[in-house]
């Protein structure tokens with residue numbers, strides 16, 4: 001029986017060949033649909049970006065950035081494509097006749113014949129490819145272009161060349177970009193022309209005789225001449241580049257600027273090499289007429305040799321035989337320039353340094369009185385009490401507070417500023433009872449309310465003394481819009497304002513619903529918008545869900561940092577936005593910086609490394625953290641409305657030329673400083689990240705003497721946080737007064753150790769109150785180099801090793817309680833240094849910390865008491881003095897616990913002994929001894945409980 005698959009008479013005939021018309025139609029349709037899908041994905045990204053910028057009223061930023069990128073792409077893409085294409089065409093035009101071709105070239109006939117029918121397409125393809133790549137690369141330089149075209153002078157000149165700083169910050173980067181583009185165009189054109197000349201016989205490799213035709217020689221010589229001319233320009237720009245060149249130097253890390261060898265060897269070498277390169281370029285151009293490469297090659301060899309001898313060997317000789325034998329004397333003028341430039345670029349040139357003895361001759365009564373007026377001790381540590389806020393004010397599991405709270409100022413009942421610890425009750429989608437798309441994106445959309453507590457006191461139980469609390473919010477802040485649609489923890493999109501009701505908050509009467517009435521976000525009523533967002537967020541339900549209807553708006557990009565960064569991509573954002581109730585609304589206050597790495601002679605720093613401390617995490621890290629900069633200003637104060645998401649930026653530093661440059665590039669985006677409301681001004685403060693950058697520089701640049709700077713004898717270091725080893729101690733906000741001040745001011749403070757020592761080297765405070773006439777003034781108290789005043793680590797060590805304190809801590813740790821140490825505050829007091837540290841206890845049954853004790857130390861005296869007042873009385877030996885019972889601090893701790901009774905203490909010690917005996921028996925596997933120890937532990941705890949009851953009855 002014949003095989004049906006063989007195509008025989010009795011079977012179907014299998015046709016092999018081109019696809020049928022139907023198959024071709026299906027393939028064509030699939031291809032068209034695939035292309036359309038890709039185009040729509042690209043359109044969705046563009047369209048959603050445009051809609052978002054329009055929704056925040058910063059569409060001008062989007063369009064200016066877009067058209068700048070498009071212009072850069074088009075101009076430089078066309079220039080590169082034109083350069084390469086022109087040289088390919090010219091090389092082809094200058095090809096020799098076929099009859100003149102060598103045997104070597106005749107063997108390439110098949111390649112030429114293969115290309116011949118497609119010459120135009122090959123030319124277009126090659127030029128288009130290099131144009132696209134070059135255009136895309138150039139588009140990434142849009143910031144460089146805008147800074148150059150809108151440059152505002154600094155009004156300050158560099159000490160070497162006398163050029164305005166703007167030349168280095170704005171002009172030089174653009175010139176270097178143009179130069180690198182020129183090099184790329186010259187090299188690509190040279191390679192393309194050489195390949196075409198070889199392919200068509202203008203160049204020969206293996207054939208004896210002439211290696212190149214006259215036309216090829218002239219063409220390639222011109223391109224080589226262009227390359228060498230560009231190298232001459234590079235040598236000339238390198239002269240100025242020495243002023244912003246980073247390098248290693250004994251005196252400091254990250255040295256920037258000229259040193260002796262740069263000014264006396266490299267600088268003249270660059271000038272000589274510039275002249276040689278110009279001569280060499282002329283020799284290459286002359287080859288058009290001479291038709292020989294002999295002189296240009298000799299000139300090029302001379303340039304290379306000169307670069308090695310003059311640019312490399314000569315500076316090494318100068319360094320070895322002139323500088324090294326007497327480096328300090330040779331480098332002193334350049335160190336002085338570096339010190340002056342660095343102090344100016346980081347705005348630390350006006351820092352006030354004064355000597356401070358570190359010891360006091362005042363009597364105890366004077367010290368005790370001064371302790372009450374010098375500082376408002378913030379006993380509530382914002383890094384410790386977040387779990388307490390969470391436990392007492394979370395209200396529902398779908399709310400959360402940040403791990404580190406913020407410190408601000410609000411009026412007390414007497415109208416005086418009071419340091420206040422604040423946090424917002426933001427939405428926590430991980431705590432939603434039933435997680436699904438509707439609940440996560442439509443129902444649980446916002447947090448609710450600010451929670452605030454006094455910074456200087458606690459309640460009688462050691463918990464925060466709340467001044468704003470509960471849901472709906474009530475307290476001292478009055479009436480305000482408490483709903484939080486934009487916050488630090490709000491990272492996912494929500495769809496609001498449509499038919500689906502939102503959960504507003506819940507109370508004893510049940511859940512309250514709400515519909516968003518703001519104008520924030522993008523309207524989803526348009527089906528094109530819905531389709532675009534369905535693609536952008538990879539969520540098809542956005543396209544067809546019935547929960548979306550008339551009035552629905554999608555909210556995204558909801559954290560304060562990303563909103564400000566998006567509308568001002570030329571700013572560097574501080575890592576710690578903080579909320580404030582301003583004009584009846586919750587607003588996030590965001591500090592933003594203008595930076596450059598082109599300030600001549602100013603040493604560079606890496607923002608991420610410099611701003612890291614024991615409190616830094618992913619949420620609080622400075623944006624663009626790996627940026628290396630050598631100039632920074634807190635030039636912009638921005639706000640983000642927690643309800644509407646509206647971003648407003650204000651010009652804070654009116655003198656900053658970098659900000660003025662960007663304001664020219666993006667007019668209308670930054671408002672005048674005069675438009676800051678009085679209520680907002682009350683909450684503005686000096687930013688932590690800028691303070692941390694400045695304090696890191698001041699470890700070296702508090703010294704203005706070149707000889708001291710070179711020796712490093714006065715160098716400081718930032719101490720480790722004594723409770724978080726291996727991490728720099730964070731700066732602390734604190735209302736206090738320095739020795740030259742008459743009243744307390746809201747300040748940002750830190751300490752320094754001498755290099756490689758743990759004693760105290762200096763104390764630094766900066767006026768952080770935006771309303772102060774001396775806002776931003778840096779005050780440094782420098783202790784004698786032979787000081788024995790304890791630094792933070794030594795104070796903590798002294799605290800941990802004190803026998804009486806250790807005994808008290810053991811009592812606090814009874815059961816499964818844990819002890820946590822709060823911020824170790826340092827305050828200059830009458831010539832000495834006062835340290836104050838709150839101590840918290842996290843009870844086993846409560847799982848949140850409460851302040852139980854206060855450590856105070858001054859000189860060699862140390863106290864560990866229940867309240868700040870009691871600790872100050874003890875450390876200054878003023879206990880029991882008339883009118884000083886410590887009642888003023890009655891809210892800063894708890895009354896003495898019954899555990900201080902000797903019977904209770906003895907019973908607890910027995911319990912501790914029994915517990916340790918049980919642990920030892922357990923390790924040895926002695927179950928009989930373990931059982932006995934557990935029985936003894938039970939009896940001891942029972943005795944302790946009874947003794948405690950008796951002690952309370954006695955009290």
Of the residues in segment 848-860, those that are farther than 14 Å from residue 821 by Cα and modelled with pLDDT under 90 come to 859, 860
Yes/no for residue 512 being closer than 15 Å to residue 448 by Cβ, free of Cβ contacts under 8 Å to residues at least 60 places away in the same chain and over 34 Å from the mean Cα position of the chain (by Cα) | yes
Scan segment 346-360 for residues that are within 19 Å of residue 775 (Cβ to Cβ) and either in contact with a helix residue (DSSP H, G or I) (Cβ under 8 Å, 6 or more places away or on another chain) or surrounded by 19 or more Cβ atoms within 10 Å (Cβ to Cβ) (or both) and jot them down.
-> 346, 347, 348, 349, 351
Here the qualifying pairs (Cβ atoms under 6 Å; residues six or more apart or on different chains; first in segment 284-310 and under 20 Å from residue 190 (Cα atoms); second at pLDDT below 80 and assigned to a helix (DSSP H, G or I)) come out as 284/296; 287/296
Scanning segment 573-607 for residues that are free of Cβ contacts under 8 Å to residues at least 60 places away in the same chain and closer than 26 Å to residue 424 by Cβ, the one surrounded by the fewest Cβ atoms within 10 Å (Cβ to Cβ) turns out to be 573
Of the candidates 623, 647, 658, the one satisfying the condition of being in contact with a strand residue (DSSP E or B) (Cβ under 9 Å, 6 or more places away or on another chain) and at pLDDT below 95 is 623
Answer with yes or no whether residue 175 is assigned to a helix (DSSP H, G or I), in contact (Cβ under 8 Å) with a residue 60 or more places away in the chain, within 25 Å of residue 140 (Cβ to Cβ) and in the same structural domain as residue 328 (by TED's automatic domain parsing).
-> no
Enumeration of residues in segment 346-366 that are under 30 Å from residue 604 (Cβ atoms) and either over 37 Å from the mean Cα position of the chain (by Cα) or outside any loop (DSSP other than H, G, I, E, B) (or both) | 352, 353, 354
Selected residue [assigned to a helix (DSSP H, G or I), assigned by TED's automatic domain parsing to the domain that holds residue 473 and crowded, with 20+ Cβ neighbours inside 10 Å] from 420, 388 | 388
Taking strands (runs of 3 or more DSSP E) that do not extend beyond segment 717-797, which have at least 2 residues that are under 27 Å from residue 839 (Cα atoms) and in contact with a strand residue (DSSP E or B) (Cβ under 7 Å, 6 or more places away or on another chain)?
-> 724-728, 732-736, 745-754, 762-767
Residue 223 vs. criteria closer than 15 Å to residue 280 by Cα, part of a helix (DSSP H, G or I), out of contact with any strand residue (DSSP E or B) (no Cβ under 9 Å at 6 or more places or on another chain) and at pLDDT 90 or above | yes
Yes or no: residue 771 within 27 Å of the chain's Cα centre (by Cα), at pLDDT 90 or above, surrounded by fewer than 21 Cβ atoms within 10 Å (Cβ to Cβ) and farther than 26 Å from residue 385 by Cα?
-> yes
Just give me the residues in segment 248-292 being modelled with pLDDT under 90 and on the phi > 0 side of the Ramachandran plot, in sequence order.
-> 254, 291
Matching residues in segment 397-412 - criterion: being surrounded by fewer than 17 Cβ atoms within 10 Å (Cβ to Cβ) and farther than 20 Å from residue 743 by Cα = 397, 403
Of (1) over 30 Å from residue 849 (Cβ atoms); (2) part of a strand (DSSP E or B), residue 465 fails just (1)
Collect the residues in segment 524-546 that are in contact with a helix residue (DSSP H, G or I) (Cβ under 7 Å, 6 or more places away or on another chain), under 30 Å from residue 482 (Cβ atoms) and not in a helix (DSSP H, G or I), keeping them in residue-number order.
-> 524
Matching option when the condition is over 26 Å from residue 453 (Cβ atoms) and at pLDDT below 70, among 883, 845 | 883
Any residue in segment 660-671 that is under 20 Å from the mean Cα position of the chain (by Cα) and part of a strand (DSSP E or B)?
-> no
Within segment 258-279, is even one residue crowded, with 17+ Cβ neighbours inside 10 Å, over 26 Å from residue 162 (Cβ atoms) and in contact (Cβ under 8 Å) with a residue 24 or more places away in the chain?
-> no
How many of the residues in segment 862-880 are in contact with a strand residue (DSSP E or B) (Cβ under 8 Å, 6 or more places away or on another chain) and at pLDDT below 70?
-> 0
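The values are calculated or read from the model by the stated rules, or taken from the named source; none is laboratory data. Since we're looking at a predicted model, the values are computed, not measured. Neighbour counts run over all protein chains shown; Cβ positions are idealised from the backbone, glycine included.
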